[in-house]
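Student: First the structure, then my questions, so here it is.
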Amino acid sequence: MAAVDLFCGAGGLTYGLTRAGVKVGLGVDLDPACRFPIETNNSTTFLEADVSELKPSKIISAFQGSEITLLAGCAPCQPFSSYSQSARRESAHKDWGLLSSFSKLVLAVRPTLVTMENVPPIRNQKIFKEFVTSLHDFGYFVDFAIVDGRTIGLPQSRKRLVLVASSLGQIAIPKSNKPIKSVRDVIAGLPKITAGTKHPDDPLHASASLSELNLERIRNSKPGGTWRDWPTKLLAACHVRETGSTYPSVYGRMEWDQPAPTITTQCFGFGNGRFGHPEQDRAISLREAAMIQSFPKDYAFIPEGTPANFSRLGRLIGNAVPVLLGEFIGEIFVNHVDENQVG
């Protein structure tokens, strides 16, 4: 089975598919920062390109004549939240446009298998419904479902819509009930660091600096709590106002024995969500965020000696398809092909 990963990002889907036994020959993304992680950690060639301008021949060539082909298109789209709804509405048309580009490539290339992953609200969008209809019209069997990452062993609350399609026959997304993993299960073994520092042996085990005010705030934060736990003198003006009640998920600590909240592109910032370390007075490090996204501890995101850029790496990590979700999807296809006795 040969696969091409469109919107490949840092390679979370590619790495997961590979672990399931799928060979991913090409990863495509517009962000040049994706080249190092996907090529360093995977046997995959990176193509820096805009998927909306990608020629079908590039994909067909990457399949190298394989009998069974898989085209994946997991366009980055951050989860909706109470404090990002306005921003999400502004970029919604762009996000749905990426799905339109993927749909056109699927129908031009006609791979054996198709998959996509995105935020749950996309299922109510006209563009998604049209995509499913077009797959049916071209002879694909389709299934899609909301997958809760916790049920596949992901140590975070992350729900995503997953679609799988096949020209071989009926295909279904199975239910999974793996044991729930906690923050402790994944990051407890990492060495301690303080806010604004990095570990000498791992440039990604770095935590963003905190102002004196935010240091005092995190010292007064309880695991699983919010800014409501603070003394009045530490409250921000937006919290004191009536509208502050709409920001319950910012400025909080994770809990050791619970899954983490959804990792976003801003996961390195204490004020951007419940991204405080369970006991250390700092936000989680980039490495911790990547491990909560189920990347292995030694997954390389930047060349040795390169300083960690929090914004760039936060984008790569937060937008990534979790490795475990990629593996889950890969296993669906590997089992499906075996059941249909192809290849």
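The values are calculated or read from the model by the stated rules, or taken from the named source; none is laboratory data. None of the values given here were measured: they were computed from a predicted structure. Cβ atoms come from the backbone with ideal geometry, glycine included; neighbour counts cover every protein chain shown.
Student: Against the definition (modelled with pLDDT of 95 or more, within 14 Å of Leu13 (Cβ to Cβ) and of a type in the set (A, V, I, L, M, F, W, C)), how does Val337 come out, yes or no?
Tutor: The answer is no for Val337.
Student: Taking the stated definitions as given, is Ile146 touching a helix residue (DSSP H, G or I) at 6+ places or on another chain (Cβ under 8 Å) and surrounded by 16 or more Cβ atoms within 10 Å (Cβ to Cβ)? Talk me through it step by step, then tell me what you get.
Tutor: Details: touching a helix residue (DSSP H, G or I) at 6+ places or on another chain (Cβ under 8 Å): yes; surrounded by 16 or more Cβ atoms within 10 Å (Cβ to Cβ): no.
Judged against the criteria, Ile146 is not a match.
Student: For Glu304, work out the one condition from (1) at pLDDT 95 or above; (2) under 30 Å from Ala3 (Cα atoms) it doesn't fulfil.
Tutor: Looking at each condition in turn, Glu304 falls short on (1).
Student: Also: Sort through Phe295, Phe270 and tell me the only one that's surrounded by 23 or more Cβ atoms within 10 Å (Cβ to Cβ), at pLDDT below 95 and under 28 Å from Ile218 (Cα atoms).
Tutor: Details: Phe295 fails: at pLDDT below 95.
Selected residue: Phe270, the only one of Phe295, Phe270 that is surrounded by 23 or more Cβ atoms within 10 Å (Cβ to Cβ), at pLDDT below 95 and under 28 Å from Ile218 (Cα atoms).
Student: So which of Val114, Val106 is touching a helix residue (DSSP H, G or I) at 6+ places or on another chain (Cβ under 8 Å), within 17 Å of Asp5 (Cβ to Cβ) and in a helix (DSSP H, G or I)? Steps first, answer last, please.
Tutor: Values: Val114 fails: in a helix (DSSP H, G or I).
It is Val106.
Student: From Val162, Val186, which residue is modelled with pLDDT of 95 or more, farther than 15 Å from Ala289 by Cα and touching a helix residue (DSSP H, G or I) at 6+ places or on another chain (Cβ under 7 Å)? It would help to see each step written out before you state the result.
Tutor: Working: Val186 fails: farther than 15 Å from Ala289 by Cα.
One residue alone meets the criteria, Val162.
Student: Out of Ile127, Ile171, Ile180, report the one residue that is under 25 Å from Val323 (Cα atoms) and more than 21 Å from the chain's Cα centre (by Cα).
Tutor: Among Ile127, Ile171, Ile180, only Ile171 is under 25 Å from Val323 (Cα atoms) and more than 21 Å from the chain's Cα centre (by Cα).
Student: Would you call Gly326 in the same structural domain as Leu168 (by TED's automatic domain parsing), surrounded by 19 or more Cβ atoms within 10 Å (Cβ to Cβ) and within 14 Å of the chain's Cα centre (by Cα)? Give the derivation first.
Tutor: Details: in the same structural domain as Leu168 (by TED's automatic domain parsing): yes; surrounded by 19 or more Cβ atoms within 10 Å (Cβ to Cβ): yes; within 14 Å of the chain's Cα centre (by Cα): yes.
When the stated conditions are applied, Gly326 passes them.
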